[in-house]
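Computed from the coordinates by the stated procedures, all read-outs in this text should not be read as laboratory data. This is a predicted model, so every value here is computed, not measured. Backbone-built Cβ (ideal geometry, glycine too); neighbour counts: all protein chains shown.
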Amino acid sequence: MYINGEFTTGKSIDRIAIINPATEEIIDDVSRGTPEDVASAVQAAKEAFYEWRRVPANERAAALHEVATKIRSHHDEIVRLITQEEGKPIPENEEELWWVEETFDYYAEIARHERGRVIPPGEQGQFNFIIKEPYGVVGCIVPWNYPLLLLVWKMAAALAAGNTVVIKPSELTPLSTLRLVEVACDHLPPGVVNVVTGYGPEVGEALVMHPKVPVIAFTGSLAVGQHIAKLAGPMMKKLHLELGGKDPMVIAPDVDIATAVSGTAYAALINTGQVCTSTERVYVHESIMPQFSEEIADFVSKLRLGNGLDPETDIGPMIRNKFREKVEGQLSDAVASGAEILVGGSRPSQFAKGFFLEPAVVTKVNHSMDLMREETFGPVIPLMPYKSIDDAIELANDCKYGLGACLMTHD
Ligand code: NAD
């Protein structure tokens, strides 16, 4: 862990093994943090806040640009580390890290330019203005699927505004976070950035409940987001919750089919479908359904599964077996209710180890199936025909989640 500018194993002797999902090998282990570790980190962050908030905006901006520069100088090493702990192929992690670097540069500039406002007086003698103030300690709770990007969207913004942070990375992917902090945050005053590793109900919840943490920025599942909202609501905390989704893709009859096929496969299968804004259900105009389904099944069957470190790999493993089993369960339930798997959906025989699942294309689905209602978070493309664009919009909106949506059309 990283508390008050120093690496520490914290109060507990327990460790959490970090597994490479492509090989199932243990690549490292980290401390299993405790609520006492959270308290130490929050105390350090609170003390650092009084100085950090007073650092002139130009200096804070320079410090954040320096974070970006230092990450760039360790780019290849960090890309490799995310690939080993998270599993997605190198080009996708390259992209994640470019975004991470640019995020620090972006918020560095916001730090210099963001300002308040003067408002016309309501009465003679009044002077009204808005001044932006940092909150204090921001708790950043992060999932595993984009361990660094989803961290820095919280962290860079919080630091830019003069807050300090306590980071709780996912217990599945803490290594890249620890390395980023080690190589890129050593010039920041102690306590401005802290990392407490560990499990959600132990460390994450202690952060949510800590009275000196007024803001929680969380990305993760709907269920945990709801739980956090329930805990933090009565404490009147500021919450920033980025949760799950079941994003629709609507394919209009006027598309170029080859473009729509590769675009849909990308939208549904990037990071093995483990993206909050993955396309999770596809509505295809009935006039092109036969050709579209045939071509996308052919396209998907040619994608190469493998270790993300292998440059030939298109699709990596899922992060853990329990998530793969959830996808398999949704698929078998759908098949039991009449769905047809055109391609994929099985564990590939060529790998002795690794949480691989062949990407699937499924037809004959309907909205009574979990596959079309609940977040899948895996490599599955269910196709359902529609008659008119109004039907398609109705189907797209027949969903308890709200997150992203895609439409392919020339119109
Ligand atoms: P998760 O909700 O299981 O865990 C997210 C984080 O919360 C982890 O660090 C975890 O340790 C912590 N946590 C778990 N229980 C907690 C508790 N009781 N109190 C406090 N913290 C707790 O999610 P995950 O499996 O890591 O990530 C996948 C989910 O994240 C998917 O549902 C996906 O859609 C969602 N997600 C959303 C976005 C978005 O921007 N909307 C982006 C990426 C992922």
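Observations, loosely collected:
- Residue within region 374-385 that is more than 16 Å from the ligand (Cβ to nearest atom), of a type in the set (Val, Ile, Thr) and over 30 Å from ASN321 (Cβ atoms) present: no
- Any hit, region 292-307, residues being in a loop (DSSP other than H, G, I, E, B) and within 24 Å of SER368 (Cβ to Cβ): no
- Of the strands (runs of 3 or more DSSP E) lying entirely inside region 331-411, those containing at least 2 residues that are of a type outside the set (D, E, K, R) and under 25 Å from the mean Cα position of the chain (by Cα) span 360-363, 380-386, 406-408.
- If you go through region 148-192 and keep only what is in a loop (DSSP other than H, G, I, E, B) and either away from the ligand (no atom under 11 Å from the Cβ) or on the phi > 0 side of the Ramachandran plot (or both), you end up with LEU148, ALA161, GLY162, ASN163, CYS185, ASP186, HIS187, LEU188, PRO189, PRO190, GLY191, VAL192.
- In region 9-21, residue surrounded by the fewest Cβ atoms within 10 Å (Cβ to Cβ) [restricted to those that are within 18 Å of GLU36 (Cβ to Cβ) and touching a helix residue (DSSP H, G or I) at 6+ places or on another chain (Cβ under 8 Å)]: SER12
- Restricting region 69-86 to residues that are in contact with a helix residue (DSSP H, G or I) (Cβ under 7 Å, 6 or more places away or on another chain) and touching a residue at least 60 places away in the same chain (Cβ under 8 Å), the residue that is surrounded by the fewest Cβ atoms within 10 Å (Cβ to Cβ) is HIS74.
- Selected residue (only one of ALA63, ALA111 is away from the ligand (no atom under 16 Å from the Cβ), over 21 Å from the mean Cα position of the chain (by Cα), part of a helix (DSSP H, G or I) and surrounded by 23 or more Cβ atoms within 10 Å (Cβ to Cβ)): ALA111
- Scanning region 127-147 for residues that are more than 16 Å from the ligand (Cβ to nearest atom) and either crowded, with 24+ Cβ neighbours inside 10 Å or not small (Gly, Ala, Ser) (or both) turns up PHE127, ASN128, PHE129, ILE130, ILE131, LYS132, GLU133, PRO134, TYR135.
- Screening VAL215, VAL203, VAL282 for residues that are crowded, with 23+ Cβ neighbours inside 10 Å and closer than 23 Å to VAL181 by Cβ leaves exactly one candidate, VAL203.
- So THR69, is it more than 16 Å from the ligand (Cβ to nearest atom), in a helix (DSSP H, G or I) and more than 28 Å from GLY200 (Cα to Cα): yes
- Candidates are the residues of region 209-233 that are in a loop (DSSP other than H, G, I, E, B), of a type outside the set (A, V, I, L, M, F, W, C) and touching a strand residue (DSSP E or B) at 6+ places or on another chain (Cβ under 8 Å); the one that is nearest to the ligand (Cβ to nearest atom) is GLY220.
- Residue selected from region 87-120 under the condition touching a helix residue (DSSP H, G or I) at 6+ places or on another chain (Cβ under 8 Å) and of a type in the set (Lys, Arg), by the criterion nearest to PRO317 (Cα to Cα): LYS88
- Enumeration of residues in region 22-46 that are surrounded by fewer than 16 Cβ atoms within 10 Å (Cβ to Cβ) and either touching a residue at least 12 places away in the same chain (Cβ under 8 Å) or part of a loop (DSSP other than H, G, I, E, B) (or both): GLU24, GLU25, ILE27, ASP29, GLU36
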